[in-house]
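Before any comments, here is the structure.
The values are calculated or read from the model by the stated rules, or taken from the named source; none is laboratory data. Keep in mind that what you see is a predicted model, and the values were worked out from it rather than measured. All Cβ positions, glycine included, derive from the backbone under ideal geometry; neighbour counts span all protein chains shown. Side chains are part of the model used for accessible areas, which takes the heavy atoms of the whole protein and leaves out ligands, DNA and RNA. Shrake-Rupley method; radii C 1.70, N 1.55, O 1.52, S 1.80 Å.
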Amino acid sequence: MQRRLFLNLATSVLSVFFMVHSAQAETVILTVENPGTGRTVTFTDAQLMELPQEVFETETIWTEGDVEFSGPTLKAVLEHAEMTLGDVELYAINDYNVVLPVDKIEDAAPIIANRLNGEPFSVREKGPLWVVFPYDDVERYNSEEYFAFSVWQLNKLNVLSE
């Protein structure tokens, strides 16, 4: 009897774990919109992980020491969403927003980091998404201009195209 109770309890705990894990994998963490066309595409963490990933180590003014950031490039996300490349409004969870001019969007940068040191990161840690440039690798990235584009707690992109 105790064994059956234990097995039922273990099965229930595992079921809840897998339901929570599955729900997290299905949770939309990024919305990409083009207000001009009305097109909207959403991404879960799993969908972002399916895109080609960029990885680099860099120091930031917000973290201590070198941190490994990884995630898809902004350009890859926009291409996957089939959005015409244009200036992009970057929005954070707290509604902070800034316009990233299209000429600042390169093939390898910025990335939409969804991993810090190989692990997902929480809102408390500036996640789950953070627009990041390889600040140590390219001198122009290590400037106030690019720091302003480094939106953490990113949750929405508005693509401004004609």
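The charge dipole of the stretch 49-101, taken about the Cα centre with unit charges on the Cβ atoms of Lys, Arg (+1) and Asp, Glu (-1), comes to about 180 debye, rounded to the nearest 20.
When +1 charges are put on Lys and Arg Cβ atoms and -1 charges on Asp and Glu Cβ atoms, the dipole computed for the stretch 103-162 relative to its Cα centre reaches about 420 debye. The accessible-area ordering, largest first, of the residues Asp45, Asp136, Asp107, Asp87 stands as Asp107, Asp136, Asp87, Asp45, per a 1.4 angstrom probe.
Once the dipole of the stretch 50-162 is set up with Lys and Arg at +1 and Asp and Glu at -1 on Cβ about the Cα centre, which of Val98, Val132, Phe56 lies farthest towards its positive end? Of the listed residues, the answer is Val98.
Ordered from longest to shortest, the equivalent ellipsoid semi-axes for the stretch 46-162 are 20, 16, 14 Å, each the square root of 5 times a Cα gyration tensor eigenvalue.
Calculated accessible area for the stretch 51-92 comes out at 47 Å² per residue, all protein chains present (probe 1.4 Å; ligands, DNA, RNA ignored).
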